[in-house]
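The values are calculated or read from the model by the stated rules, or taken from the named source; none is laboratory data. All of these numbers come straight from a predicted model, not from anything done at the bench. Neighbour counts run over all protein chains shown; Cβ positions are idealised from the backbone, glycine included. Surface accessibility is based on the protein's heavy atoms, side chains included, excluding ligands, DNA and RNA. Shrake-Rupley method; radii C 1.70, N 1.55, O 1.52, S 1.80 Å.
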Amino acid sequence: MINQPPVSGTQVLTADRCWGFLREATVGRLAFVLNGKPEIYPVNFVVDHGSMVFRTANGRKLLALADGGEVAFEADGTTNAGAAAWSVIVKGRAVAISRTDDLLDTVFLPLHPWENGTKERFVRVTPETITGRLFSVAGLAAWQPPLDSATRAGAE
């Protein structure tokens, strides 16, 4: 986990810092449109040469990603013992890896899907944009509404 200095407010992350956080994460969400409807799936991934790679089975994700489908990919996490949170969004294209040389480069990546079953297909998400934010986590008191006079009277 990346240790960060204390965070005040919200910071826009540089691309390098975004990549640093992505390298520490193992799960993100892949969003795309299939048949005119939005879809989103959690995927285990690794950063590989300025892109993200994940494994999948034949199915909806692979169908939607045919011919370099446009995707959004999001991962997030916390740092500083939960005092700060980060979120990184990548927008780009996803392509099934099919060339033998490319497959040999990816087959030994440390990709460990959560779900049982064969995940024989590798997909690479190549970014067109990468953006991120780092922000302090609001304490519970920030989300509790102030007591109004009626609520206060009932509590007494």
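When only DSSP loop residues count, what chymotrypsin sites (Phe, Trp or Tyr not before Pro) in the range 75-125 have their Cβ near at most 13 other Cβ atoms within 10 Å?
Values: sites: W86, F108, W114, F122; in loops: F108, W114.
Passing both the DSSP loop test and the Cβ count: F108, W114.
Considering only protein heavy atoms and a 1.4 Å probe, what is the carbon-and-sulfur percentage of the accessible area of the range 10-140?
Summing carbon and sulfur atoms, their accessible area is 54 percent of the total for the range 10-140.
Just how large is the dipole of the range 23-122 about the Cα centre, in debye to the nearest 20, putting +1 at every Lys and Arg Cβ and -1 at every Asp and Glu Cβ? Don't skip to the answer; put the middle values down first.
Values: 11 positive and 12 negative charges, 49 e Å.
Approximately 240 debye in magnitude.
Once you wrap a convex hull around the alpha carbon atoms of the range 36-121, what is its projected area averaged over all directions, in nm²? Walk me through the numbers before you get to the answer.
Numbers: hull surface 28.6 nm².
Mean projected area of the Cα convex hull: 7.2 nm².
Looking at the range 10-117, which GluC sites (Glu not before Pro) are DSSP coil and have at most 14 other C-beta atoms within 10 Å of their C-beta?
Those satisfying the criteria are E115.
Taking the highest mean first, how do the peptides 44-51, 9-16 order by number of other beta carbon atoms within 10 angstrom per residue?
Put in order of decreasing packing, that is 44-51, 9-16.
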